[in-house]
Amino acid sequence: MRFPKTAALAVAFLTALAACTTPPPPRLNLPEIGFAQSGPLIFAAGSVETVNEFRSSFASPYIEHMLPQPPARVAERWARDRVQLDNSQPNSVRVVIKDASVIEQDIAKTPGLRGQFTNDQVSRFEVSLGLVVEVRDARGFKLGEASASAKRSGTLAEKATLNDRDMLIYNLIKDASADVDRGLDQSIRQYLPLYVR
C-alpha cells in the first residue's frame, strides 16, 4: 500500500517540477519596418548620406540600444527605401537623424488590498523620432531642408508577457516611423520642390 502512495507522490513532484521548468514561449520574430510601399522620392542630386546625430545615453530610462529594431536603424532604412537620385545636378542629399529614442518608465501600482485584484498598467513606453532632409550644392552650402518628427506612447499591463512587450514597442516604432514618413513626404514637397519629383 505504501508503494503506490510513494509513486503517486513522486509523479506529483515530477509533474510540478516539469511545470516549473517549462520553457517560455519563443520570442517574436517581427518583420523589418520598411518604406518601399510609399514609393521613391527622386532628388535632383548625385549623392546621399545618412548622419545619425542622436546619441543614446545607454542608461535608464532609455532602452533603444537594447532593441532589435531601434528607431535609428529604421530611420536609416527610410533613407535607403525612399531617397533616390537622378544624377541631374551635382547636389547632395543629407538625411540627419535628430531623435531616435525609446523610453521605458514604471507606473505606480494600485496600493493596498485593491491592488492585489487589479491588473495595473505598470510600464509606459514612449518612442520619439525626428529627421531632417537637407539638399546641399557641390560646395556644401545648404539649398533647403525639410523635417518631420513624431512621438508615440503606450502602456503595458503587469500580466503582459515578454512577447506582449516586444509587440507594443514594435508597433510604437512602426507607427511613429509611418508618421515621420508621411510628414517628410509633405514637407519635402513643400520646402524642396525644386529638387524632388
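Would you please name the residue that is modelled with the lowest pLDDT, looking only at residues in the range 74-114 that are more than 10 Å from T50 (Cα to Cα), open to solvent by 90 Å² or more (accessible area, probe 1.4 Å) and basic (K, R)?
Once the filter is applied, the top-ranked residue is R114.
Name the single residue that is most open to solvent (accessible area, probe 1.4 Å) among those in the range 171-184 being among the charged types (D, E, K, R) and closer than 22 Å to L67 by Cβ.
Ranking the candidates gives K174 first.
How many residues does the range 132-148 hold that are under 18 Å from I42 (Cβ atoms) and open to solvent by less than 20 Å² (accessible area, probe 1.4 Å)?
Qualifying residue count, the range 132-148: 5.
Step by step: first the residues of the range 149-170, then only those that are under 18 Å from L129 (Cβ atoms) and in contact with a Lys or Arg (Cβ under 8 Å, 6 or more places away or on another chain), then the one that is least open to solvent (accessible area, probe 1.4 Å). Which residue is that?
The qualifying residue least open to solvent (accessible area, probe 1.4 Å) is G154.
Of a type outside the set (S, T, Y) and modelled with pLDDT under 95: does that describe V122?
Spelling it out, V122 is indeed of a type outside the set (S, T, Y) and modelled with pLDDT under 95.
If you check S128, S187, which single one turns out to be open to solvent by less than 40 Å² (accessible area, probe 1.4 Å), at pLDDT 95 or above, closer than 15 Å to I42 by Cα and hydroxyl-bearing (S, T, Y)?
When all the criteria are applied, what remains is S187.
V51 is checked against (1) open to solvent by 30 Å² or more (accessible area, probe 1.4 Å); (2) more than 24 Å from V196 (Cα to Cα) and fails just one. What number does that condition carry?
V51 satisfies all of (1) open to solvent by 30 Å² or more (accessible area, probe 1.4 Å); (2) more than 24 Å from V196 (Cα to Cα) except (2).
Residues that are without any contact (Cβ under 8 Å) to a residue 60 or more places away in the chain, farther than 19 Å from G34 by Cβ and in contact with an Asp or Glu (Cβ under 7 Å, 6 or more places away or on another chain): which strands (runs of 3 or more DSSP E) entirely in the range 49-168 hold 1 or more of them?
In the range 49-168, the matching strands (runs of 3 or more DSSP E) lie at 92-106, 121-136, 142-157.
The values are calculated or read from the model by the stated rules, or taken from the named source; none is laboratory data. Quick caveat: nothing in here was measured; it's all calculated off a predicted structure. Glycine gets a Cβ as well: all are built from the backbone with ideal geometry, and neighbour counts include every protein chain shown. Quick note on the areas: whole protein, heavy atoms, side chains included, nothing else; ligands and nucleic acids left out. Shrake-Rupley method; radii C 1.70, N 1.55, O 1.52, S 1.80 Å.
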